[in-house]
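*Asks:* One structure coming up, written as structure tokens, with questions to follow.
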Amino acid sequence: ETNASRLPALATELVALKPDVIVAGSTPGATAVKQATATIPIVMAAVADPVRSGLVANLARPGANITGVSAMGVDTAVKTLELLSAVVPHSNRFAVLMSDNLIHRSMLNQIQIAAKHVGVNVMSAIATSPEEIDSAFVSIGKEKVKAIIVLSEAVFLFQRSRIVALAAEARLPTIYAAREFSDVGGLMSYGANIRDYFRLAADYVDKILKGAKPGDLPVQQPTKFELVINLKTAKALALTIPQSVLLRADEVIE
């Protein structure tokens, strides 16, 4: 129900069922499960930075009872700035919609460093729950920003239709971290395909069930990233997507 405070209790419930393996599809979820068991194998999927989050010792040999797939969120966050700057080249103030966690703060820092080189000021708007999303957009509106970057976050993904609607209401060009946002009307998205994370995770589940130790399986990183552009939304915003950006797109929704 997108309430992260429930995760520790839910993780404890899962561990009590004594499953052969647990798949955790987010950083808070993987953290909760790791805290609940040191023996049951855990497979992460779409965890932004498992080393910095303290989930694994290193990517090559994660150790303990956990392995999985890293989402490489910090790297792709800077790329979204580059793409959005190309679409709104004369805008000098962006907002980043983010949660209040270590990984997102690191992403924001890297985006702000990159933004200085292209003459863009970047402010942040924090939402840690569905209830805070509306107030985050109110603060964005007060700052008179020209475009928005939405960071990868489970709460945002579940609330994607609402976030896309708020961005449309504010008439702000917005780029997201997953194609699911573009599918429901978001202007642009750039990142690895979420389904691919779970396909890779399924491979690890198979190996573990056949006897492999999770700590010996290197954490994988996605190798394919997709740019999706929704031209219907661009038209609604009276926005012309540069040909140089269109040519880079893996999919254009018309």
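The values are calculated or read from the model by the stated rules, or taken from the named source; none is laboratory data. For clarity, every value in this text was computed on a predicted model and none was experimentally measured. Here the Cβ is made from the backbone with ideal geometry for all residues, glycine too, and neighbour counts use every protein chain on show. The accessibility values were calculated without ligands, DNA or RNA, using every heavy atom of the protein model including side chains. Shrake-Rupley method; radii C 1.70, N 1.55, O 1.52, S 1.80 Å.
*Asks:* Based on Cα positions only, what radius of gyration and what Dmax would you give for segment 43-122, in angstroms?
*Replies:* 15.1, 49
*Asks:* Applying 1/(1 + (r/R0)^6) with R0 = 22 Å to the Cβ-Cβ distance of K235 and K146, what FRET efficiency is obtained, to the nearest 0.05?
*Replies:* Details: r = 18 Å, r/R0 = 0.83.
Rounded to the nearest 0.05, the efficiency is 0.75.
*Asks:* I would also like to ask the following. In Å and on Cα atoms, what radius of gyration and Dmax does segment 154-199 show?
*Replies:* Over segment 154-199's Cα set, Rg and Dmax evaluate to 10.7, 36 Å.
*Asks:* Could you calculate the contour length gain from I113 to R199, that is, 0.36 nm times the residue separation minus the distance between their Cα atoms, to one decimal place in nm?
*Replies:* Difference between extended and current length: 27.6 nm.
*Asks:* A follow-up question, please. Based on DSSP, what percent of beta bridges with both residues in the chain are antiparallel, to the nearest 5? If you can, show how the numbers build up before the last one.
*Replies:* Values: 4 of 29 bridges.
Once the DSSP bridges in the chain are tallied, antiparallel ones form about 15 percent.
*Asks:* Okay, moving on. If I stretch the segment between D75 and S129 completely, what's the gain in nm (0.36 nm per residue apart, minus their alpha carbon distance), one decimal?
*Replies:* That works out to 17.0 nm of additional length.
*Asks:* Under 23 Å between C-alpha atoms is the cut-off here; go through the chain and count lysine pairs that meet it, provided they're at least eight residues apart or on different chains.
*Replies:* 19
*Asks:* Okay, next question. Please compute, over every Cα-Cα pair in segment 1-137, the percentage with a separation greater than 26 angstrom.
*Replies:* So the portion of pairs separated by more than 26 Å is 35 percent.
*Asks:* For the chain, which whole percent of the accessible surface, found with a 1.4 angstrom probe, sits on carbon and sulfur atoms?
*Replies:* Carbon and sulfur atoms account for 53 percent of the accessible area of the chain.
*Asks:* Assuming 1.002 mPa s and 20 °C, estimate D for segment 74-190 with Stokes-Einstein, Rh taken as the Kirkwood radius over Cα pairs, in µm²/s. All intermediate terms of the calculation are to be shown ahead of the outcome.
*Replies:* Details: Rh = 13.7 Å.
Using the Kirkwood radius from Cα pairs, D works out to 156 µm²/s.
*Asks:* If you average the C-alpha positions of segment 10-69 and of segment 97-137 separately, how far apart do those two centres end up, in angstrom?
*Replies:* 26
*Asks:* Of the options L247, S106, P130, report the single residue whose Cα projects farthest towards the positive end of the charge dipole of segment 91-247 (beta-carbon charges: Lys, Arg +1; Asp, Glu -1).
*Replies:* L247
*Asks:* How large is the helix-only mean residue ellipticity at 222 nm for the chain, computed as the sum of -39500 (n - 2.57) over DSSP H runs with n ≥ 4, divided by its residue count, in deg cm²/dmol to the nearest 500?
*Replies:* Calculated at 222 nm, the ellipticity per residue is -12500 deg cm²/dmol.
*Asks:* Take the eigenvalues of the Cα gyration tensor for the chain, scale each by 5, and report the square roots as semi-axes in whole Å, largest first.
*Replies:* Equivalent ellipsoid semi-axes, largest first: 34, 19, 16 Å.
*Asks:* Taking segment 166-236 on its own, what percent of its Cα-Cα pair distances exceed 13 Å?
*Replies:* Working: 1716 of 2485 pairs.
Beyond 13 Å sits 69 percent of the P(r) for segment 166-236.
*Asks:* Hand me the trypsin sites (Lys or Arg not before Pro) from segment 100-161 located in a DSSP loop with no more than 13 other Cβ atoms within 10 Å, in residue order please.
*Replies:* In loop regions of segment 100-161 (DSSP not H, G, I, E or B), the sparsely surrounded trypsin sites (Lys or Arg not before Pro) are K144.
*Asks:* Further question on the same structure: Which of the GluC sites (Glu not before Pro) across segment 1-85 are loop residues per DSSP, with 12 or fewer other Cβ within 10 Å?
*Replies:* Loop-located and lightly packed - E1.
*Asks:* Quick one: divide the alpha-carbon radius of gyration of segment 204-254 by 2.2 N^0.38 Å and tell me what you get.
*Replies:* Here the Cα radius of gyration is 2.02 times the empirical estimate.
*Asks:* So what are the ³J(HN,Hα) numbers for segment 108-114, from phi and the Karplus equation (6.51, -1.76, 1.60; θ = phi - 60°), rounded to whole Hz, Gly and Pro as x?
*Replies:* 4, 4, 5, 5, 5, 5, 5
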